[in-house]
Amino acid sequence: MSFMTLLGIWVAALLTFMIFSFLYKDNPIFKVGEAIFLGISLGYGWCIYYWNNIFPQAIKPLFYPGDGERNYLVIIPIILGIFILLRVVPKLAWLSRYSFALYIGGFAGIAVPTEIAGRFLPQVVSTMNPFGPTIPDAIAQIILLIGVFCTIVFFFFSLEHKGAVGTIGRVGVVFIMVAFGAGFGYTVMARVSLLIGRFQFLLRDWIGGTMMGGG
Amino acid sequence: MQKFGDIILNLDRRIIYLIVFLCVLLPLLFPMKIPFTETQEVKDAFNDIEALEPGSVVLISCDYGPSTIPENYTMYQALLHQCFRKDIRVIAMCLVTNGASLGNKGLKEAAEFENPPGNRLYPDLEYGTDYAYLGYKAGGTAVMLGIGQSFTSTFPEDFESRPLADMPLFNEIKALGDVDYIFDIASVGYPEFWVSYASERENVPLSVNCTAVSAAQYYPYYQSRQFRGLVGGMKGTAEYEQLVGMEEIIGRVPDATRGMDSQSAVHIFIVLAIIVANFFYFMKLRYDDTERRQA
């Protein structure tokens, strides 16, 4: 194992304990760990962003074209990008509107038909599938339809939630609660998974890899 | 009984943390190998990849960061081994800034995997012909639309600044429509966008591995078959590892599978804690009510 790998594992283990110290109570060691995490994340993000986006798509075509010709067309998006940054200069902030107008207009033009055709309609169609082919499938489909109908009624605020509307709305609440429960259960599972991941790192990479010489 | 109830209801949260720590730690030290079965949504994703012909191309989008390594990175490894074992070519990319290097690391790790040491499992794999890692590109949906037009114009270079146009893989695979399957491994909300901006537009089947937090919200897409398969969280990944046979491939129990004992232990503790705490809570309510009446 190289020295840098060894150092990396020790630093990672130390930072893990610094963050875990919050579980006892808030403390300066945790704050330091938190600040290091934020700083490194931002710095790393910036480098990745620059070398994967700004350099190959804005700077390289203009200043380092290699064997090809310089691509002056990239000046247009660069200027539009600079316009957005000018929001921080009050006198020139109005220029950002042109960039935003172009961006929002273009994106809305693409997004509206794409979302309707790609998500909304297929979801509606799958909700209204024919019952079957097996009895359990048919029962599941009926429950799904009841759930969708009752939940929509619960979120329909143009009628007072009294009588039949109120009863259907309350059934809708039951379905919403079941969905929240499923979401909560999955969230617990996800958080425990992350803790397991940290323990696996500490046991295998830190203790096993650096102290016991194995994996 | 009442005193014990008070202790339970006012238990220091640090004791609960300690029990959770032990529930995670002990099964990792002393594995119990609690059996688990594969669910249909995971089998569907696995079977789709298995059904691809050798030489087919799978696009894997690594839309996760280091925080979800236990749920997503392990799945990435299992999927890559499955593809390489079947001679399926892989194009990997990333839409999340802090996951860019993880995608590269995972692809190299799987492509150059040795078991036993010194014996490469896939010696014939060649970068640029059999697999490639495009790296990170900002824009999310704009990137999906971009690769729908052309890979080389959206990603002129790969993660290590090698021109895509020089790679044999991209002489054949020009755009997303030429890809046979999309697999999104995500800890963020991109799977929904992969449906509408890529899969539905280009008519390419899509499966998803997501964190457990997002799994519940994605079931409607599985139910509508817009996701051909859904691998949710560490449990889904463990099932996938079992289907791929990762223990045999890597020569040890894979991470997600190994973590399932701890997962089960913590879940049992949480369920018991909820039951016990609620029991004493209602007992206290009843006791307080009786006391109030007597007064």
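Just so it is clear, none of the values below were taken in a lab; they were calculated from the coordinates. Worth saying up front: this structure is predicted, and the values here are computed from it rather than measured. A quick note on method: Cβ atoms are made from the backbone with ideal geometry, for glycine too, and the neighbour counts reach across all protein chains shown.
Taking neighbour counts of Cβ atoms within 10 Å as a proxy for exposure, in what order, fewest first, do B:THR97, B:THR68, A:THR16 appear? Working shown, then result.
Numbers: B:THR97 19, B:THR68 27, A:THR16 16.
The order, fewest Cβ neighbours first, is A:THR16, B:THR97, B:THR68.
Nearest 5 is fine: what % of DSSP beta bridges in the protein assembly as shown come out antiparallel, could you say?
Details: 2 of 27 bridges.
Of the beta bridges lying entirely in the protein assembly as shown, close to 5 percent run antiparallel.
Two decimals is fine: what is log10 I(q)/I(0) at q = 0.15, 0.16, 0.25 Å⁻¹ for the range B:1-94, from a Debye sum with one equal scatterer on every Cα and no solvent?
With no solvent term, the Cα-only Debye profile gives -0.82, -0.88, -1.26.
Roughly what would the spin-label model give for B:ARG293 and A:MET177, points 7 Å off Cα along C-beta, in nm?
If labels sit at B:ARG293 and A:MET177, their model points lie 2.5 nm apart.
Compute the orientation-averaged projected area for the range A:1-70 from the convex hull of its Cα atoms and round it to one decimal in nm². Please report the intermediate quantities before stating the final value.
Details: hull surface 29.5 nm².
Approximately 7.4 nm², given one-decimal rounding.
Which value, in nm² and rounded to one decimal, describes the direction-averaged projected area of the C-alpha convex hull of the range A:75-128?
Details: hull surface 19.6 nm².
Mean shadow area of the hull around the Cα atoms is 4.9 nm².
By the scheme Lys and Arg +1, Asp and Glu -1, what is the net charge of all other residues having a beta-carbon under 14 Å from that of B:GLY189? The partial results should precede the final answer.
Details: positive: A:ARG119; negative: A:GLU115, B:ASP63, B:ASP184, B:GLU192.
Residues near B:GLY189 contribute -3 overall.
Per-residue mean of other chain beta-carbon atoms within 10 angstrom of the beta-carbon, peptide B:214-227? Each step should come with its number before you reach the end.
On the way: counts 4, 7, 9, 4, 0, 2, 6, 4, 1, 7, 8, 2, 5, 0.
Average neighbour count from other chains, rounded to a whole number: 4.
Please find the FRET efficiency linking B:ASP178 to A:ALA12, where r is the Cβ-Cβ separation and R0 is fixed at 60 Å, and quote it to the nearest 0.05.
On the way: r = 40 Å, r/R0 = 0.66.
Step by step, r from the Cβ atoms, then E = 0.90.
Return one quarter of the surface area of the convex hull spanned by the alpha-carbon atoms of the range B:45-133, equal to its mean projected area, in nm².
Answer in nm², one decimal: 5.8.
According to the Cα gyration tensor, what semi-axes, each the square root of 5 times an eigenvalue, does the equivalent ellipsoid of the range A:108-182 have, listed from largest to smallest in whole Å? Walk me through the intermediate numbers first.
On the way: eigenvalues 121, 87, 26 Å².
Its equivalent ellipsoid spans semi-axes of 25, 21, 11 Å.
Could you tell me the center-to-center distance, by alpha carbons, between the range A:53-108 and the range B:9-75 in angstrom?
Rounded to whole Å, the Cα centres lie 41 Å apart.
From the Cα trace of the protein assembly as shown, what convex hull volume per residue do you get, rounded to a whole Å³? Let's see the in-between values first.
Numbers: hull volume 124.9 nm³, N = 510.
Output value, Cα hull per residue: 245 Å³.
Show log10 I(q)/I(0) for the range B:75-118 at q = 0.24, 0.26, 0.34 Å⁻¹, two decimals, from a solvent-free Debye sum over equal Cα scatterers.
Values returned for q = 0.24, 0.26, 0.34 Å⁻¹ are -0.88, -0.98, -1.27.
Counting only DSSP beta bridges with both residues in chain B, what percent are antiparallel, rounded to the nearest 5? Walk me through the intermediate numbers first.
Working: 2 of 27 bridges.
In chain B, approximately 5 percent of DSSP beta bridges are antiparallel ones.
Dividing the alpha-carbon Rg of the range B:89-183 by 2.2 N^0.38 Å yields what? Before the final figure, lay out the partial values.
Details: Rg = 13.7 Å, N = 95, 2.2 N^0.38 = 12.4 Å.
The reported ratio for this selection is 1.10.
With label points built 7 Å along Cα→Cβ from the Cα atoms of A:VAL32 and A:LEU73, find their separation and express it in nm.
5.3 nm
Distance from a point 7 Å along Cα→Cβ of B:ASP124 to each backbone N in the range B:73-110: keep the residues under 14 Å and list them by number.
Label zone hits: B:84-89.
At most 16 other C-beta atoms within 10 Å and a DSSP loop state: those are the exposed GluC sites (Glu not before Pro) I care about. Give me the longest piece of chain B that has none. Could the numbers behind the result be given before it?
Numbers: sites that count: B:GLU38, B:GLU112, B:GLU126, B:GLU160.
It runs B:161-295.
Test of understanding: extend the Cα→C-beta vector of B:LYS105 to 7 Å, then name every residue of the range A:1-37 with backbone N under 17 Å from that spot.
Backbone N within reach: A:1-17, A:37.
In deg cm²/dmol, rounded to 500, what helix-only [θ] at 222 nm does chain B give when every DSSP H run of at least 4 residues adds -39500 (n - 2.57) and the total is split over its residues? Kindly include the intermediate steps, with their values, before the conclusion.
On the way: 13 runs with 153 residues, N = 295.
Using -39500 (n - 2.57) per qualifying helix, the result is -16000 deg cm²/dmol.
Considering the alpha-carbon set of chain A alone, what are its Rg and its Dmax in angstrom?
Spelled out, the Cα radius of gyration and Dmax of chain A are 27.6, 76 Å.
Report the net charge of residues surrounding B:ALA295, where surrounding means a beta-carbon distance below 14 angstrom and charges are Lys +1, Arg +1, Asp -1, Glu -1.
Working: positive: B:ARG292, B:ARG293; negative: B:ASP288, B:ASP289, B:GLU291.
For residues surrounding B:ALA295, the net value is -1.
Sum up the charges of everything whose Cβ sits under 13 Å from the Cβ of A:LEU194, counting Lys and Arg as +1 and Asp and Glu as -1, but leave A:LEU194 out.
Working: positive: A:ARG191, A:ARG198; negative: B:GLU71, B:ASP255.
Here the count lands on 0.
log₁₀ I(q)/I(0) of chain B at q = 0.12, 0.14 Å⁻¹, via Debye over equal Cα point scatterers, no solvent, to two decimals?
Values, matching the q order: -0.78, -0.99.
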